[in-house]
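A.B. asks: Here you go, one structure.
Read-outs: derived from the displayed coordinates by stated rules, not from any lab. The structure presented is a predicted model; accordingly, all values stated were derived computationally and were not measured. A quick note on method: Cβ atoms are made from the backbone with ideal geometry, for glycine too, and the neighbour counts reach across all protein chains shown.
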Amino acid sequence: MFEPKPAEDFVFKDLLYEKKDWVARITLNRPDVLNALSANMLAELTEAVTDASWDDGVAVIVITGAGDRAFCAGGDVREYAGHYTRKPRDYWKYMGVFQGALDAIRNTGKPVIARLNGVVVGGGNELNLACDLAVAADHVRIRQVGVRVGSVAAGGATQWLPLLIGDRRAREMLMTCDEITAQQALEWGLVNRVVPFAELDRAVGELCQKLIETYPECLRYTKAQANFWKDLVWSLTVPHARDWLTVHYASLEPQEGMAAFVEKRPWDYLAIRRRAAEGKSSEFRWGPYTRACQGCGARYLPEEFVFCGRCGEPLVSG
């Protein structure tokens with residue numbers, strides 16, 4: 001049987017973990033990168049939530065970010081650009097860890113509150129969406145960024161935003177990547193409360209106390225019932241999304257989009273559209289792998305190559 005442990009017994013690299021007065025507090029602790037989600041952080045998050053779910057001394061779980069700048073800036077784009085665009089198969093593994101963390105939150109049997117203390121971006125908003133309730137500081141801004149960096153927000157946002165804020169608002173957030181303010185998020189139903197940052201802990205504490213003063217079995221089953229639509233759309237879509245994104249990471253859009261983000265240069269979205277409009281490949285940087293070298297016999301060379309990448313001989317047209 002899994003046995004919960006004192007919070008201080010855990011040695012986490014990317015999280016802070018505390019259990020006190022019926023509340024487990026998990027803090028995403030990578031403030032130098034706006035608490036972006038690394039694979040290690042997600043694994044640690046799953047471990048902490050699992051421990052809290054087994055601990056009968058915990059009634060409520062609070063997830064927040066370190067500092068006052070960011071709750072979570074989403075997936076670590078540097079990790080994506082540096083690793084997953086080079087080894088797309090490893091993105092499938094990463095997505096499994098991400099899915100596991102969100103599943104742990106949804107299935108913990110205890111209410112989970114997102115304490116939104118700063119920007120909430122991409123996968124950070126999907127983490128927020130996985131939680132049961134959210135309290136935001138009034139300086140918070142929330143946005144999705146998938147189609148701006150060459151990805152798709154199918155790790156919770158495409159599935160759950162329409163349920164929380166309505167179809168048209170969800171499409172606008174997902175397709176334009178425009179940010180919304182904390183007040184808009186409150187009006188749209190994306191958060192439950194908005195308060196000045198100085199009052200954030202008080203507001204979260206008050207909500208925790210209301211949840212603590214309920215019967216645990218009834219609260220657990222209420223969460224299970226309320227999860228029905230989120231669970232349904234998630235189970236029907238996330239396995240497909242996990243595989244599609246893995247394959248997609250071998251293509252031009254994420255390679256270019258994430259490289260531009262890391263290199264801090266403007267995105268040239270029209271360049272890819274022009275390639276397609278001109279009859280060139282918009283999926284492969286140098287065209288599909290259709291050419292062969294008559295010199296060394298190398299095959300599957302990119303269509304736009306003029307010289308063989310293996311022996312350097314000119315490639316014969318036709």
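A.B. asks: Considering only Cys218, Leu270, Leu245, whose Cα is most displaced toward the positive end of the charge dipole of the chain, charges sitting on Cβ of Lys, Arg (+1) and Asp, Glu (-1)?
C.D. replies: Toward the positive end, the furthest listed residue is Leu270.
A.B. asks: Then there is this: Please go through region 1-66 and write out the trypsin sites (Lys or Arg not before Pro) that DSSP classes as loop and that have at most 16 other C-beta atoms within 10 Å.
C.D. replies: Here the trypsin sites (Lys or Arg not before Pro) that fit, given the DSSP loop and packing criteria, are Lys13.
A.B. asks: Two decimals, Cα atoms only, Kirkwood Rh: what is Rg/Rh over the chain?
C.D. replies: Numbers: Rg = 22.5 Å, Rh = 21.2 Å.
Rg/Rh for the chain comes to 1.06.
A.B. asks: Kirkwood hydrodynamic radius, region 29-185, all distinct C-alpha pairs: what's the number in Å? Walk me through the numbers on the way to the answer.
C.D. replies: Numbers: mean 1/r = 0.0635 Å⁻¹.
Hydrodynamic radius (Kirkwood, Cα only) of region 29-185 equals 15.7 Å.
A.B. asks: While we're looking at this one, here's another question. Tell me, what HN-Hα J-couplings in whole Hz come from the Karplus equation 6.51 cos²θ - 1.76 cosθ + 1.60 at θ = phi - 60° for each residue of region 198-214, using x for Gly and Pro?
C.D. replies: 5, 9, 4, 5, 4, 5, 5, x, 5, 5, 4, 4, 5, 6, 4, 8, 9
A.B. asks: Moving to a separate point now. Quick one: check the C-alpha center-to-center distance for region 73-114 versus region 40-66, whole angstrom.
C.D. replies: When both Cα centres are located, 15 Å separates them.
A.B. asks: Rounded to the nearest 500, what is the chain's calculated 222 nm mean residue ellipticity when only DSSP H runs of at least 4 contribute -39500 (n - 2.57) each, over all residues? Walk me through the numbers on the way to the answer.
C.D. replies: On the way: 12 runs with 139 residues, N = 318.
-13500 deg cm²/dmol, from helical runs alone.
A.B. asks: Mind counting lysine pairs for me in region 7-248? Cα separation below 26 Å, and the two need to be 8 or more apart along the chain or on different chains.
C.D. replies: 15
A.B. asks: Can you tell which of Asp56, Asp178, Asp90 shows the greatest fluctuation in a Gaussian network model of the chain with Cα springs below 10 Å?
C.D. replies: Result for the chain, Cα springs under 10 Å: Asp56 fluctuates most.
A.B. asks: If you build a Gaussian network model of the chain, linking Cα atoms that sit under 10 Å apart, which residue out of Ala59, Ala153, Ala292 swings the most?
C.D. replies: Ala292
A.B. asks: Looking at the chain, identify the longest residue range that excludes and avoids all chymotrypsin sites (Phe, Trp or Tyr not before Pro) in DSSP loops having at most 13 other Cβ atoms within 10 Å.
C.D. replies: Values: sites that count: Phe2, Tyr300.
The reported range is 3-299.
A.B. asks: Of the residues Leu34, Leu190, Leu236, which exhibits the maximal mean-square fluctuation in a Gaussian network model of the chain defined by a 10 Å Cα contact cut-off?
C.D. replies: Looking only at Leu34, Leu190, Leu236, the largest GNM fluctuation is found for Leu236.
A.B. asks: Gln184 versus Thr237, label points 7 Å from Cα toward the beta carbon: distance in nm?
C.D. replies: 2.0
A.B. asks: Also, quick follow-up: Determine the percent antiparallel among the DSSP beta bridges restricted to the chain, to the nearest 5. Working shown, then result.
C.D. replies: Values: 11 of 33 bridges.
The antiparallel fraction comes to roughly 35 percent.
A.B. asks: Pull up all non-local amide H partners of Ala298: gap of 5 or more, or a different chain, and H-to-H distance under 5 Å with H placed in the peptide plane.
C.D. replies: So Ala298 has HN proximity to Cys293.
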